[in-house]
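Novice: The structure follows.
Read-outs: derived from the displayed coordinates by stated rules, not from any lab. Being a predicted model, the structure only gives us computed values, none of them experimental. So basically every Cβ, Gly included, is an ideal-geometry build from the backbone, and we count neighbours across all protein chains shown.
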Amino acid sequence: MGMTISQKIIKEHLLSGEMKAGEEISIRIDQTLTQDSTGTMAYLQFEAIGVDRVKTKLSVAYIDHNMLQSGFENADDHKYIQTVTAKHGIRFSRPGNGVCHQVHVERFGIPGQTLLGSDSHTPTCGGIGMLAIGAGGLDVAVAMGGGPYYITMPKMVRVTLKNKLGNWATAKDIILEVLRIMTVKGGVGKIIEYAGDGVKTLSVPERATITNMGAELGATTSIFPSDEVTRAFLKAQDREDAWTEIKADEDAVYDEEIEIDLATLRPLIAKPHMPDQVVSIKEVAGLKVDQCCIGSCTNSSLYDMLKVAAILKGHTVAPDVSLVIAPGSKQVLNMLAENGALSDMIAAGARIIECGCGPCIGMGQSPKTNAVSLRTNNRNFYGRSGTKSASIYLVSPEVAAVAAITGVVTDPADFGEPPVVEMPENFMVNDNMVIMPAESSNDVEVVRGPNIKPFPVNTKLADEVDGKVLIKLEDNITTDHIMPSNSKLLPYRSNVPYLADFCLTPCDEEFPKRAKENNGGFIVGGENYGQGSSREHAALAPLQLGVKGVIALSFARIHMANLINNGILPLVFNDKADYDKLGLLDELEIKDARNQVIAASKEGKSVIVTNKTQGYDFATTLSISDRQCGMLLAGGLLNFTREQHSEA
């Protein structure tokens, strides 16, 4: 039996376990990346592990999220990251060098290698044939220390792309179509591989757009073959020596198959407030637009920017529209400036903002009250833009550029012929904004600002776990709900005690107060609880508030791993009726909790929870490995790692 692309890479990096779907495996990690929103915590955790220098082939720390410096907090975090990475052998990408995923594809990604990043959109590098996975910062810290990365062996999904794009359809429309088919939870426990004759018609930037938004499917990762298109891209980056061919065997077996005819695809749009609310652009045409934001790690490549510039050339942005454009990297911005495309954007009335995440994460450019904002980023979660009343729509750069001119959502087919741009054979290569680490750790003093506080560490699991239901939530609660990430709170990513006071406040402003008054307790959630970002603050903040467990109908992959990493029980209802029955402030108890957790891991037994208020028991599932059982018993991964070192 042949192997898929992912199976080949996993086999080459396999450290433990069997490559059977549903089985826990561990793999060796070649590269890691962090960004400043999650990086400060990741490096605090790395320091706590006690390893002097990173053990990976390459680790890079990017500054791309917390770019607004209205106080000392962000600048202090950046200095901490710069000094701690210099000390421990990690490259430092300075503010202004670009968005981590865009830069990593351009300058560091290597086909066939593994990449673990403390950002859920790390799978962007799947566009060049890397096995690139997003994870919590603690998992990345362990990988930097030379430890294995553990995952449940995913199922394999093949998306076959036929023919080629036309009629203004783009790579963004391909992934929106996949989201329409699979939904935001359809990729959980799966790897999405792209195949078919349509693949060779897509450039690396187009492929990266598709793998980037695979995160919105809940997928472990997404990947394209590494072929001659990949080779040409790496050659243009003066990195052809990094290329190797990787493709699936012809007789590879997949668990699911999806087929998309690119020739029939037309421009699509994702309506508020979820990336899978996808409809034809024609269904929304005529809607008045207040803002267009072009950029983010999804659509900020030179290819995207050149198309936008070609559309804007000779036009003026509509009077009632604010158009902001953020190129994805210094390389892209330099080349736009050199070839005149930047001038075309500025002449049309676009506001050019820093090479960073910006509007995508609500870090500036929040729209006005009740605004309609068209954005090329990957998420349109409620309130993520920084304006709760705004309606955020996800579109391609081409659709956003046309709407900026017309002032309304417009089918670009009504605008004229799509632009055709020529990509340069060679890109401008200048890595002067990447600082190499010090040769000796002793040469560097780590600088810590006053905003950097100790992070919470759990205690060993008690024999009796009890507490009240502190909140009851619906389906598809995101990490943006659990730990908001707007411009006012992002500067406090290294200060969990402060952040905890905002935990779940988009759902219930009284939650932090209620949690403190009741000495912690339980969170109750619906389907796909914790989808979205990899931010482990969505586990750390509840831990700070004393949350002992989350009981949900189902979990998103990364968030469930983050809960276990921090010693918080992730329990799944066996029966939805039990979810329906639970009430706010019901008192729950898990008797003989340690033995129940052990029995769940070794024998697959249910964990029984007693509702003391209503006087009944209900069964939950705790799907964990022996290793994860040890982590929960120890009170999290850090305690578990320390125990193992003590025993050794």
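Novice: Ignoring everything except DSSP H segments at least 4 long, calculate the 222 nm mean residue ellipticity for the chain; use -39,500 (n - 2.57) per segment, divide by total residues, nearest 500. Please report the intermediate quantities before stating the final value.
Specialist: Values: 21 runs with 194 residues, N = 648.
That calculation yields -8500 deg cm²/dmol at 222 nm.
Novice: On a full-extension model of 0.36 nm per residue, what is the gain between MET436 and GLU464, subtracting their alpha-carbon distance, rounded to one decimal in nm?
Specialist: On the way: separation 28, 0.36 × 28 = 10.08 nm, distance 4.97 nm.
Full extension from MET436 to GLU464 adds 5.1 nm.
Novice: Excluding ASP290 itself, calculate the net charge of residues whose Cβ lies under 9 Å from the Cβ of ASP290, where each Lys or Arg counts +1 and each Asp or Glu counts -1. Before the final figure, lay out the partial values.
Specialist: Numbers: positive: LYS288, LYS368; negative: ASP320.
Once positives and negatives cancel, what remains is +1.
Novice: Further, regarding this structure: Based on DSSP, what percent of beta bridges with both residues in the chain are antiparallel, to the nearest 5?
Specialist: Numbers: 29 of 89 bridges.
Just about 35 percent of them are antiparallel.
Novice: Further, regarding this structure: Under the classification rounded if a/c is under 1.5, otherwise prolate if a/b is larger than b/c and oblate if not, where does segment 325-476 fall, given a ≥ b ≥ c as square roots of the Cα gyration tensor eigenvalues? Kindly include the intermediate steps, with their values, before the conclusion.
Specialist: On the way: a/c = 2.81, a/b = 1.31, b/c = 2.15.
Oblate, since a/c reaches 1.5 and b/c is not below a/b.
Novice: Full-extension gain between GLU47 and LYS313, please, as 0.36 nm times their residue separation minus the C-alpha to C-alpha distance. Walk me through the intermediate numbers first.
Specialist: Values: separation 266, 0.36 × 266 = 95.76 nm, distance 5.03 nm.
Answer, rounded to one decimal: 90.7 nm.
Novice: With each pseudo-label sitting 7 Å past Cα toward Cβ, what's the LYS581-ALA285 distance in nm, one decimal?
Specialist: Placing both labels 7 Å beyond Cα along the Cβ direction yields 5.3 nm.
Novice: Given +1 on the Cβ of Lys and Arg, -1 on the Cβ of Asp and Glu, and no further charges, what dipole in debye does segment 69-127 carry about its Cα centre, rounded to the nearest 20?
Specialist: Taking the Cα centre of segment 69-127 as origin, the dipole is about 260 debye.
Novice: Just check segment 465-647 against the gyration tensor rule for me: Cα atoms, a ≥ b ≥ c as the square roots of the eigenvalues, rounded for a/c under 1.5, and otherwise prolate or oblate depending on whether a/b exceeds b/c. Please list the in-between numbers first.
Specialist: Working: a/c = 1.63, a/b = 1.13, b/c = 1.45.
Oblate shape, in that a/c is at least 1.5 and b/c is the bigger or equal ratio.
Novice: Order these peptides, 162-173, 576-587, 592-603, by their mean beta-carbon neighbour count within 10 angstrom, highest first.
Specialist: Values: 162-173: 20.1, 576-587: 14.0, 592-603: 16.8.
Most protected by this proxy first, the peptides run 162-173, 592-603, 576-587.
Novice: Under a Cβ-only charge scheme (Lys and Arg +1, Asp and Glu -1), can you give me the dipole magnitude of segment 288-414 about the Cα centre, in debye to the nearest 20? List each step's numbers first, then the result.
Specialist: Values: 10 positive and 9 negative charges, 85 e Å.
In total the dipole reaches around 400 debye.
Novice: Charges at C-beta only: +1 for Lys and Arg, -1 for Asp and Glu. How large is the resulting dipole of the chain about its Cα centre, in Debye rounded to 20? Could the numbers behind the result be given before it?
Specialist: On the way: 61 positive and 78 negative charges, 173 e Å.
Taking the Cα centre of the chain as origin, the dipole is about 820 debye.
Novice: Among [x] 3, 13, 19, 21, 19, 14, 8, 3, 0, 0; [y] 3, 17, 28, 28, 17, 6, 1, 0; [z] 3, 12, 16, 16, 15, 12, 9, 7, 5, 3, 1, 0, 0, which one is P(r) over Cα pairs in 10 Å bins from 0, in percent computed from these coordinates?
Specialist: After the calculation, the listed value that fits is [y].
Novice: Tell me whether segment 288-414 comes out rounded, prolate or oblate; compute the Cα gyration tensor, take square roots of the eigenvalues as a ≥ b ≥ c, and use a/c under 1.5 as the rounded threshold. Present the calculation step by step, with values, prior to reporting the outcome.
Specialist: Numbers: a/c = 1.82, a/b = 1.27, b/c = 1.44.
Verdict is oblate for segment 288-414.
Novice: Work out the FRET efficiency for ASP249 and LYS368 from their Cβ-Cβ distance, taking R0 = 45 Å, and round it to the nearest 0.05. Please report the intermediate quantities before stating the final value.
Specialist: Working: r = 53 Å, r/R0 = 1.19.
FRET efficiency, ASP249 to LYS368: 0.25.
Novice: Could you work out the local net charge near MET3, counting Lys and Arg as +1, Asp and Glu as -1, over the other residues with Cβ closer than 15 Å to its Cβ?
Specialist: Working: positive: LYS8, LYS11, LYS20, LYS155, ARG158, LYS247; negative: GLU12, GLU18, GLU193, GLU245, ASP249, GLU250, ASP251, ASP255.
After counting each charged neighbour, the total is -2.
Novice: Filter the GluC sites (Glu not before Pro) in segment 339-444 to those in DSSP coil with at most 16 other Cβ atoms within 10 Å of their Cβ, and list the result.
Specialist: Working: sites: GLU354, GLU398, GLU422, GLU425, GLU439; in loops: GLU354, GLU422, GLU425, GLU439.
Here the GluC sites (Glu not before Pro) that fit, given the DSSP loop and packing criteria, are GLU422, GLU425, GLU439.
Novice: Shifting gears a bit: Could you work out how much longer the chain between LYS388 and ALA413 gets when fully extended? Use 0.36 nm per residue separation minus the Cα distance between them, nm to one decimal. Write down the numbers at each step before the final one.
Specialist: Working: separation 25, 0.36 × 25 = 9.00 nm, distance 3.19 nm.
Length gained, LYS388 through ALA413: 5.8 nm.
Novice: Only Cα pairs under 8 Å and at least 6 apart count here; give the relative contact order of segment 273-415 as a rounded whole percent. Write out the running numbers ahead of the final one.
Specialist: Values: 315 pairs, mean separation 51.5, N = 143.
It rounds to 36 percent for segment 273-415.
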